[in-house]
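Working notes, beginning with the structure itself.
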Amino acid sequence: MSKPINRFISLIGCAVAMSLIATACAQPTPAVQPPTPAQPAEPTQPAPTEAPAQPAPTEAPTPTQPAAESVLVVGLPKADTRTLDPHRQYEITPPQIMRATYETLVTLPDKGTTIDRVEPLLAESFEISDDALVYTFKLRSDVKFASGNPMTAEDVVFSFKRLGALQDNPSWLFNDHVASIEATDASTVKITLKEPNAAFLSMLVSPNFAVVDSKVVKEQGGTDAENAKEADKATDWLDGNSAGTGPYVLKEWKRGEQVVIERNPNYWRGTVPFDRIIFREIPDDAARQQALERGDVDIAIGLDVDAVKRLEGNTDFQIIVGNTLDMTYLALTTNAELSKGLADERVRQAIKLAIDYDGIINGLLGGTALHIPTIIPLGLLGTDPALAPQRDVEKAKALLKEAGYESGLEITMVYPGEYKLSNVILADTLAAKLQEDLAEVGITLNVEPRDPASHRADYRGGKLMATIADWTPDFLDPHGWASAFAVEGAAAAKRVYYANKEAEKLALDAAKTTDPAKRAEAYRKVQELILDDAVFIGLIQPKVQIVASAKLKDVIYNPVYFLDYYFMSR
Amino acid sequence: MPLLAYLARRVLVTIPLLFLVTLLGFIITYLIPADPLAMVLSERAMANPQIVQAYRERWGLDKPPHERYLIYVGNLIRGDLGESIVTQQSVSADIARYFPATVELAVAATLIAVVLGVPLGVIAAAQREKLVDHAARVISLIGVCVPVFWLGLLALSLFYYRLQWMPGPGRVNPRLEPPPVVTGLLTVDSLLAGRGDVFASALHHLMLPSLVLGAYSMSLITRIVRSAMIEVLQQDYIRTARSKGLIERAVVVRHALRNAALPAVTAIGLAFGNLMAGAVMTETVFAWPGIGRYAVESAIKLDFAPIMGVTLLVAVIYIAVNFVVDVSYALLNPRVRLS
């Protein structure tokens with residue numbers, strides 16, 4: 001065979017390949033006609049009357065004629081679900097499924113848009129003693145489980161005790177706080193805490209405090225006994241079925257594929273609009289976006305910033321933006337053995353002033369994040385965006401000079417490579433940006449990517465000089481953050497050897513106060529102290545962007561359940 | 001029974017090989033300086049020594065490495081692949097759940113590769129330096145050099161999103177009630193249950209990903225068949241066959257193809273092995289719940305038992321494919337002896 005022809009063929013091949021690549025890389029322009037949604041398979045069903053703010057059992061609106069099935073399909077990125085047992089799950093994906101199938105004593109008001117207070121749901125009312133030690137809940141009398149069994153105080157006691165006894169990921173919510181729980185009568189539950197804690201009420205919003213049908217769960221091998229850790233056998237069953245009071249029941253969970261929930265015919269707040277909701281995993285962002293545009297999914301979660309931008313202005317879709325309580329921060333050690341430079345507060349402050357926060361949020365994230373001042377996410381009690389530090393290169397240089405590092409210093413930052421911090425920003429990108437910012441004030445930042453697992457191990461072990469990391473909420477109260485970051489030896493504080501007696505005392509006392517104004521003041525002060533010490537430097541608090549079909553009503557984000565499907569209709 | 005004796009010998013050689021695989025896998029996993037518990041336990045749970053201890057005991061992490069390895073091997077001999085720390089499910093159950101999806105995809109991809117690749121190679125060789133040949137070479141070049149994840153995205157974007165000829169990601173239309181699981185292969189299970197709608201949907205969903213996954217193998221097969229055919233067609237016996245007045249098609253198919261088939265069989269075998277690697281990407285792009293995604297997710301979470309389980313499975317597949325290739329050699333060419 002003649003060589004030139006061979007080369008010619010290769011050239012053609014490569015040229016074709018290149019042009020294909022170019023076509024694929026080019027974003028489809030808006031000029032492309034909007035894809036016609038798949039044929040309207042589901043005629044809209046009469047939506048139920050607006051959910052009453054103070055939910056009263058309403059008559060189920062029965063469809064006058066048998067309508068075709070009304071199905072909602074949600075496109076999820078790769079789900080991290082390990083289990084759908086409400087007392088064991090502790091991952092990011094499950095809460096929205098948990099919320100549709102189980103309910104809690106208290107919930108967030110205003111369909112979940114308000115996060116700084118809670119109101120009753122399965123409880124009719126509650127009372128907290130003045131010393132924030134005893135919580136008493138009076139239960140609603142009209143609540144039935146999906147099985148038809150009525151909900152009683154015994155179910156609540158069983159559920160909470162099981163949460164603690166399983167000794168799994170979320171068990172601390174019960175074990176760390178509750179001294180005793182009892183049903184004083186069929187509709188009253190009394191919880192006594194180990195020590196006063198005003199944050200406990202907001203913990204009860206967490207889907208881990210789901211009230212389960214104790215009769216059904218016991219039948220399936222569940223137990224709330226001390227030895228539940230070994231004796232409880234109900235999880236396998238709960239992974240494929242549910243035993244809650246929620247508007248939907250779990251029909252099927254195919255790991256790595258999809259979760260299907262169906263309408264609960266016995267739902268105490270009346271009938272919900274969808275016969276079925278399917279949560280489908282479509283790990284690839286582009287494929288998920290196409291499925292949304294084709295109408296194969298009604299809601300797409302976790303699309304990247306560019307994809308969302310492209311859908312802006314398209315009247316077929318609505319974009320729901322909400323503030324998460326996630327955060328990404330820079331941690332600097334105070335341990336002189338790890339870094340003599342960083343042990344000097346002035347150096348840490350210089351770093352704080354050297355960072356181009358606006359550049360990170362607007363430049364790298366297209367404005368889809370808040371600038372979190374330090375550790376407590378904005379929106380919670382005692383937070384204030386005005387506390388956030390601003391860039392000041394001159395002042396940073398002056399501080400370095402004062403500390404004796406006029407000619408510069410070197411710091412090594414280890415970070416999780418190829419890892420998306422707070423699910424929104426690649427750690428590598430953020431590291432490169434910080435490296436650039438610090439170089440401007442004369443600090444050489446060596447960046448070292450690690451695999452996420454060993455990074456986590458080293459950071460937890462307090463072996464790192466500097467790192468970037470993220471933190472997700474355990475519950476809705478500032479106590480969740482203050483207790484981990486401001487208290488010496490606590491989960492986060494110990495990693496950078498942080499100790500500040502004043503901040504610690506404020507953080508611990510704030511949890512024992514019931515007066516919200518006093519608590520807010522204390523948490524504000526805690527943040528100011530941490531900002532002065534410059535050990536945990538807040539970088540971003542991401543906003544979540546969800547794209548949904550414009551036909552859907554009440555797609556409302558909240559940081560506990562993500563989306564509450566009870567309110568949603570078409 | 002030389003074939004049976006050969007088979008027995010091969011199996012005997014395989015066993016120590018598999019143990020070597022487990023040992024290597026174990027050492028590599030052990031050398032990663034991270035605690036698998038940190039990937040499954042939350043911050044708060046890690047702070048609780050009771051929970052940490054319970055997890056350590058349950059997964060034998062409190063024992064020294066050599067002891068852990070011996071326990072693992074002991075369980076393995078009893079057919080127990082262990083339990084995933086992340087899903088807390090037995091690895092054999094997980095593999096049984098995910099593997100059929102991958103098998104379905106890999107078989108379809110191999111079929112496509114063979115059905116398209118072999119004729120394309122034969123025609124290209126017979127019509128050498130003509131338009132068909134050039135086209136075949138361009139196609140196979142693209143197939144070999146374009147990464148599979150990218151080809152997948154392109155295919156989805158074109159055939160699903162723009163032209164709307166193909167269904168989207170996933171194995172089947174989620175609105176359809178799934179048939180009872182018998183083999184795990186949706187196409188087979190739907191037929192067994194007499195569900196034409198599910199079968200049609202499953203087959204439709206299978207087309208695009210298997211075409212994408214099969215593209216590389218198809219290109220490889222085309223190229224190998226083409227060059228083997230060209231070589232064979234220049235042999236003396238072909239000239240003899242032609243001079244005897246046989247029509248060209250008979251020469252090509254009956255005389256040349258049979259002899260060119262040997263390297264093609266190797267290529268097909270290799271390609272099947274390669275599918276396992278390509279499957280990871282294809283499965284992600286097409287939301288295909290198969291073993292590739294399971295392996296990657298387990299690796300990210302340092303979940304030892306699934307990593308080992310999948311490694312062993314892939315090793316077994318490779319060994320089996322090699323065996324089949326060797327046997328086919330012998331069947332196709334009597335001069336090759338199994339020894």
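The values are calculated or read from the model by the stated rules, or taken from the named source; none is laboratory data. Everything numeric here is computed off the predicted structure, so don't read it as measured data. Here the Cβ positions follow ideal geometry from the backbone for every residue, glycine too, while neighbour counts run over all protein chains shown. Accessible surface areas use protein heavy atoms only, side chains included; no ligands, DNA or RNA. Shrake-Rupley method; radii C 1.70, N 1.55, O 1.52, S 1.80 Å.
Going by the conditions given, is A:V347 hydrophobic (A, V, I, L, M, F, W, C) and surrounded by fewer than 23 Cβ atoms within 10 Å (Cβ to Cβ)?
No; evaluated as a whole, the condition is false for this residue.
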Q.
Only one of B:A320, B:A315, B:A295 is closer than 24 Å to B:A155 by Cβ and either within 14 Å of the chain's Cα centre (by Cα) or surrounded by fewer than 23 Cβ atoms within 10 Å (Cβ to Cβ) (or both). Can you tell me which?
A. B:A295
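Just to check your reading of the model, which residue among A:E504, A:E488, A:E448 is open to solvent by 10 Å² or more (accessible area, probe 1.4 Å) and in a helix (DSSP H, G or I)?
Selected residue: A:E504, the only one of A:E504, A:E488, A:E448 that is open to solvent by 10 Å² or more (accessible area, probe 1.4 Å) and in a helix (DSSP H, G or I).
Matching residues to (1) assigned to a helix (DSSP H, G or I); (2) under 30 Å from B:G168 (Cβ atoms); (3) at pLDDT 85 or above:
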| position | (1), (2), (3) |
| --- | --- |
| B:T284 | yes, yes, yes |
| B:G292 | yes, yes, yes |
| B:A295 | yes, yes, yes |
| B:A299 | yes, yes, no |
| B:M308 | yes, no, yes |
| B:L313 | yes, yes, yes |
| B:V316 | yes, no, yes |
| B:N322 | yes, no, no |
| B:A330 | yes, no, no |
Q) Which one of these is under 22 Å from the mean Cα position of the chain (by Cα), open to solvent by 20 Å² or more (accessible area, probe 1.4 Å) and either touching a residue at least 60 places away in the same chain (Cβ under 8 Å) or at the interface with chain B (Cβ under 9 Å from one of its Cβ atoms) (or both): A:D298, A:D284, A:D275, A:D304? A) A:D284
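Regarding the range B:201-214, can at least one residue be identified that is outside any helix (DSSP H, G or I), surrounded by fewer than 23 Cβ atoms within 10 Å (Cβ to Cβ) and modelled with pLDDT of 90 or more?
no
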Q) Pick from the range A:141-163 the residues that are of a type in the set (G, A, S) and in contact (Cβ under 8 Å) with a residue 60 or more places away in the chain: which of them is surrounded by the most Cβ atoms within 10 Å (Cβ to Cβ)? A) A:S159
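Here's the yes/no breakdown for (1) under 25 Å from A:V526 (Cβ atoms); (2) in a loop (DSSP other than H, G, I, E, B):
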{"site": "A:I361", "(1), (2)": "yes, no"}
{"site": "A:I372", "(1), (2)": "yes, yes"}
{"site": "A:L381", "(1), (2)": "yes, yes"}
{"site": "A:Q390", "(1), (2)": "yes, yes"}
{"site": "A:K397", "(1), (2)": "no, no"}
{"site": "A:S407", "(1), (2)": "no, yes"}
Q.
Could you go through the range A:107-119 and let me know if any residue there is away from chain B (no Cβ under 14 Å), of a type in the set (V, I, T) and outside any loop (DSSP other than H, G, I, E, B).
A. yes
Q: Give the residue that is farthest from A:L292 (Cα to Cα), with candidates limited to residues of the range A:525-540 that are in contact with a Ser or Thr (Cβ under 7 Å, 6 or more places away or on another chain) and not hydrophobic (A, V, I, L, M, F, W, C).
A: A:Q527
Q) Among the residues of the range A:233-256, which ones are in a loop (DSSP other than H, G, I, E, B) and surrounded by fewer than 22 Cβ atoms within 10 Å (Cβ to Cβ)? A) A:K233, A:D239, A:G240, A:N241, A:R255
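State whether one or more residues within the range B:144-152 are away from chain A (no Cβ under 14 Å), touching a helix residue (DSSP H, G or I) at 6+ places or on another chain (Cβ under 7 Å), part of a helix (DSSP H, G or I) and farther than 20 Å from B:A287 by Cβ.
No.
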Q) Are any residues in the range B:168-194 open to solvent by less than 40 Å² (accessible area, probe 1.4 Å) and not hydroxyl-bearing (S, T, Y), and if so, which ones? A) B:G168, B:P169, B:G170, B:R171, B:V172, B:P174, B:P179, B:G184, B:L186, B:D189
**Q.** Total residues in the range A:207-232, condition in a helix (DSSP H, G or I) and farther than 15 Å from A:N149 by Cβ
**A.** 7
Q) Across the range A:458-472, what is the total count of residues that are within 20 Å of A:L438 (Cα to Cα) and either open to solvent by less than 40 Å² (accessible area, probe 1.4 Å) or out of contact with any strand residue (DSSP E or B) (no Cβ under 6 Å at 6 or more places or on another chain) (or both)? A) 5
Q. Mind checking which residues of the range B:27-60 are exposed (fewer than 14 other Cβ atoms within 10 Å of the Cβ) and in a helix (DSSP H, G or I)?
A. B:I27, B:I28, B:Y30, B:L31, B:P49, B:Q50, B:Q53, B:E57
Q. Given the conditions (1) open to solvent by 20 Å² or more (accessible area, probe 1.4 Å); (2) more than 14 Å from chain B (Cβ to nearest Cβ); (3) farther than 18 Å from B:R162 by Cβ, and given that A:D316 satisfies all but one, which numbered condition is not satisfied?
A. (3)
Q: For residues that are modelled with pLDDT of 90 or more and either of a type outside the set (A, V, I, L, M, F, W, C) or assigned to a helix (DSSP H, G or I) (or both), tally how many sit in the range A:288-307.
A: 10
